[in-house]
1. Are any of the residues in the range 99-117 part of a helix (DSSP H, G or I), aliphatic (A, V, I, L, M) and at pLDDT 80 or above?
2. Is it true that L80 is under 30 Å from F119 (Cβ atoms) and not in a loop (DSSP other than H, G, I, E, B)?
3. Here is a list: T76, T91, T108. Which entry is of a type in the set (V, I, T) and surrounded by 10 or more Cβ atoms within 10 Å (Cβ to Cβ)?
4. Tally time: how many residues in the range 44-74 are at pLDDT 85 or above and of a type in the set (A, V, I, L, M)?
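The values are calculated or read from the model by the stated rules, or taken from the named source; none is laboratory data. These figures come from a predicted structure and were not determined experimentally. Every residue, glycine among them, receives a Cβ derived from its backbone with ideal geometry; neighbour counts consider all protein chains shown.
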Amino acid sequence: MQPHSHFSAASEKEVPLLDSQVNVNPVFCRLRPSTPICELLEHKYAQRWLEEQQAKERALEERQLNLPKLGRIQETRTTLLRKSRPMPESTPLWKLPRFQQVGPALDTFRDPYARKKAFNAHFSDSVARTGQLGQGTYTVG
């Protein structure tokens, strides 16, 4: 029998060994790869950990920068009305010719001046309300 043979004494079959199972040092029978001593001495594990922590901190700071500022004054109805521009008047809807001269069946305003004043107030206030015609709920908040 040869001293450093990979053959079994009982059978003459060759048993293939993995690189990690080859016994380089017969005193220490290692079956796993050795710990990279160079990396331990150079503190590479600590450097990797620090880099990962710094990357996490940078990502957290970026997320915090994108958050809305709490000290900012929110939009109110008044500020929205100040910033708004009046909508252009659209052309009136088409009516059948026989209905063009017919007036409204019901008039609930006291006089034409009160009607005009109410519609002007509604139109100027419609900027702060939702919907295409500005008839919905207020968007402040």
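1. Checked against the condition, which is being part of a helix (DSSP H, G or I), aliphatic (A, V, I, L, M) and at pLDDT 80 or above, the range 99-117 yields at least one hit.
2. yes
3. Every option except T76 fails the conditions.
4. 5
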